[in-house]
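Please treat every number below as a calculation from the coordinates, not as lab data. Note that the structure is predicted; figures quoted are calculated from it, not measured. Counting neighbours? That spans all protein chains shown, and the Cβs are built from the backbone with ideal geometry, glycine included.
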Amino acid sequence: MRFRNLLIAATLLAAGCQSGGDVAGLRGSGAQGTLAYASAQTTADPRYAGLVIEADSGEVLYADNADQLRYPASLTKMMTLYLLFEEIGRGGLTMDSPLAVSANAARQPATKLGLKAGSTIRVEDAILALAVKSCNDVATVVAENISGSESVFADRMTRTARALGMRNTSFSNASGLPDARQLTTARDMAILARALQSHYPSQSRVLATESFSYAGRRYENTNDLMGVVPGMDFSKTGYIRASGYNLVTSVRRGGRRIVVVVFGAPSKAARTAQVTTLVAAHLPERRGWLAYAN
């Protein structure tokens with residue numbers, strides 16, 4: 001636990017260093033000063049977008065470029081998981097159902113699980129691989145087994161997005177690998193996060209998993225804050241060069257839950273600092289984060 005405390009403290013300190021702001025001056029300025037401080041870290045990057053909402057009501061607490069088009073990268077896999085959960089709910093698949101691995105799926109670029117063409121993977125393992133390690137080969141496996149081809153699956157992804165109220169999102173693949181047609185917004189990703197948690201409350205808990213094992217190998221969550229920030233109960237990361245570092249997460253404390261979306265951070269460290277600052281601004285812990293973590 002001491003390591004976690006030190007990491008949280010270091011993250012908050014990093015936020016101050018990256019912004020070039022006066023940390024001491026902000027301590028007395030309340031949430032508005034903290035938010036301005038958070039924005040200053042990343043808004044110099046034109047890819048940046050951020051949003052914080054109340055998970056229950058959808059009330060917007062903070063927004064910066066929230067409706068500007070961005071590349072989702074592996075945030076895409078939240079929709080892939082949504083449709084996989086939908087198939088399970090319909091009875092078309094079970095957690096033990098085998099999914100066939102095609103040559104097309106096996107040759108998808110990293111990050112990947114290293115599946116071999118002609119093999120199979122259980123639905124439960126596929127869910128973990130998507131949620132925790134964001135495996136591109138597994139995303140294609142899921143798409144092909146549900147819809148026959150990834151392009152047909154992507155059409156279903158887009159239709160589902162529209163039905164959920166994601167008006168500015170279009171999908172062309174199941175993984176988030178680079179494609180100029182694959183676009184979304186911070187607001188739309190918040191809608192998807194809320195839909196996952198409200199429509200599939202049990203299944204979506206997998207997005208809080210810190211690690212899983214497959215074929216004798218252990219894989220850690222791609223979000224460095226998972227298991228570190230108190231109350232973080234949902235998380236999905238994304239990165240391609242065109243998007244920068246993205247993250248969608250939710251945090252619950254004291255009966256409140258917020259959804260935080262960050263797009264376009266220039267590094268993992270900057271993403272960590274931005275998310276940490278936004279969480280601290282909207283769900284402050286009276287005793288302080290270090291005491292909360294003990």
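Calculate the tail of P(r) for the range 145-294: the fraction of all Cα-Cα distances greater than 28 Å, expressed in %. Tail fraction, whole percent: 24. Annotation: for a label point projected 7 angstrom from Cα along Cα→Cβ of residue 116, residues of the range 201-227 with backbone N closer than 17 Å are 214-217.
How big is the shadow of the Cα convex hull of the range 70-124, averaged over all directions, in nm²? Don't jump to the answer; show the numbers that get you there.
Working: hull surface 17.8 nm².
With every direction weighted equally, the projected area is 4.5 nm².
Taking 0.36 nm per residue of sequence separation and subtracting the Cα-Cα distance, how much length would be gained by fully extending the chain between residue 45 and residue 210, in nm to one decimal? The partial results should precede the final answer.
Working: separation 165, 0.36 × 165 = 59.40 nm, distance 2.94 nm.
Extra length available between residue 45 and residue 210 comes to 56.5 nm.
Look at 224, 67, 188 and count the other Cβ atoms within 10 Å of each Cβ; fewest to most, that gives 67, 224, 188. Filter the trypsin sites (Lys or Arg not before Pro) in the range 91-167 down to the DSSP loop ones having no more than 13 other Cβ atoms within 10 Å, then list what survives. Those that pass, being in a loop and sparsely packed, are 107, 116, 167.
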